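Undergrad: Mind looking over this structure? Questions follow.
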Amino acid sequence: MARKASVARANELTGGFASAQKNIVVQFGDKERSTEDLLQVIKADALSKGLKDADFEKVDVYIKPEEHRVFYVVNGDVNGSVEF
């Protein structure tokens, strides 16, 4: 029984939704942006503020389409916003 449970847990972690290719697009009005595109713009903005690529440990993103802005916080202390 324990082996069957561990195999099922391993399958959940390595297959199905966990490993499925994902594409997320945020739409508002006549604009749409993929999350990958937004993350690249955020990365460029944060790098322009003096961060190095190796400095990124955690990135929190807040999308506010009604303000046409995407706000972010890197590592809990560097923050900024980019245009949606």
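Undergrad: Given +1 on the Cβ of Lys and Arg, -1 on the Cβ of Asp and Glu, and no further charges, what dipole in debye does the chain carry about its Cα centre, rounded to the nearest 20? Provide the component values of the computation, followed by the final result.
TA: Working: 12 positive and 14 negative charges, 114 e Å.
In total the dipole reaches around 540 debye.
Undergrad: By how many nm would the segment from Q21 to V78 grow when fully extended, if each residue of separation counts as 0.36 nm and the alpha-carbon distance is taken off? The partial results should precede the final answer.
TA: Working: separation 57, 0.36 × 57 = 20.52 nm, distance 2.98 nm.
Result: 17.5 nm gained on full extension.
Read-outs throughout are calculated quantities, based only on the coordinates presented, and are distinct from any laboratory measurement. Quick caveat: nothing in here was measured; it's all calculated off a predicted structure. Neighbour counts are summed over all protein chains in view; Cβ atoms, including those assigned to glycine, are modelled from backbone coordinates with ideal geometry.
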